[in-house]
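Visitor: Supplied in structure tokens, the structure appears directly below.
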Amino acid sequence: MKTLLLSKTNFKVLDFSLPLWVVLLVFTIIASISLTIYFLILFRKNRKFYFEKEQVSADEFKRLEKFEIQRNNFELEIAKIRKIQRDRIKK
């Protein structure tokens, strides 16, 4: 009985009458293609990143990013020390 209901259900677009299973098939194909592309992009290995206009691997990018953070922290510490020295000189 369900197959009879599916075969009787039609979508009328302009002058065309499409059965329900055709519409569902088209949406299923589009969804599977979209999901496949999404997962390929999401799980792609050996991604390349750009660090200061140079292309680097993901591991190298993480290493450079950590180095950049440490360098910034070091510069902040040096600035604090210089400020303390200036304050002592003024006194």
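Visitor: Using only Cα atoms, tell me the angle between helix 58-90 and the longest principal axis of the chain; keep it within 0 to 90° and round to the nearest 10.
Guide: Taking Cα atoms only, the helix is inclined about 30 degrees.
Visitor: List the residues, sorted by chain then number, that are 5 or more residues from residue 18 or on another chain and whose placed amide H is less than 5 Å from its amide H.
Guide: Under 5 Å from the amide H of residue 18 lie the amide H atoms of 11, 12, 13, each far enough along the sequence or on another chain.
Visitor: Would you please name the trypsin sites (Lys or Arg not before Pro) within segment 33-76 that are DSSP coil residues with at most 14 other C-beta atoms within 10 Å of their C-beta?
Guide: Passing sites in segment 33-76 are 44, 45, 47, 53.
Visitor: Segment 37-91: which GluC sites (Glu not before Pro) are DSSP loop and have at most 14 other beta-carbon atoms within 10 angstrom?
Guide: 52
Visitor: Which length gain, in nm to one decimal place, applies between residue 30 and residue 17 when the Cα-Cα distance is subtracted from 0.36 nm times their residue separation?
Guide: Using 0.36 nm per residue and subtracting the Cα-Cα distance, I get 2.6 nm.
Visitor: Residue by residue through segment 21-32, what is 3J(HN,Hα) from phi via Karplus (6.51 cos²θ - 1.76 cosθ + 1.60, θ = phi - 60°)? Round to whole Hz and write x for glycine and proline.
Guide: Once rounded to whole Hz, the list reads 5, 5, 4, 5, 5, 5, 5, 5, 5, 4, 5, 5.
Visitor: Determine, at each q value in 0.12, 0.17, 0.20 (inverse angstroms), the log₁₀ of I(q)/I(0) that the Debye formula gives when each Cα of the chain is one equal point scatterer.
Guide: Debye output, listed in q order: -0.70, -0.90, -1.02.
Visitor: Which whole-number percent gives the relative contact order of the chain, counting Cα pairs below 8 Å spaced six or more residues apart?
Guide: 11
Visitor: What whole-number value in Å² describes the accessible area per residue of the chain for a 1.4 Å probe?
Guide: Ligands and nucleic acids excluded, the figure is 101 Å² per residue.
Visitor: With a 1.4 Å probe and all protein chains left in place, how much of the accessible area of the chain comes from carbon and sulfur atoms, in whole percent?
Guide: C and S fraction of accessible area: 64 percent.
The values are calculated or read from the model by the stated rules, or taken from the named source; none is laboratory data. Here the structure is a predicted model, which means the values were calculated and not measured. Glycine also receives a Cβ, built like all others from the backbone with ideal geometry; neighbour counts cover every protein chain displayed. Ligands, DNA and RNA are stripped out before the accessible areas are found, and what is left, the full protein with its side chains, is counted by its heavy atoms. Shrake-Rupley method; radii C 1.70, N 1.55, O 1.52, S 1.80 Å.
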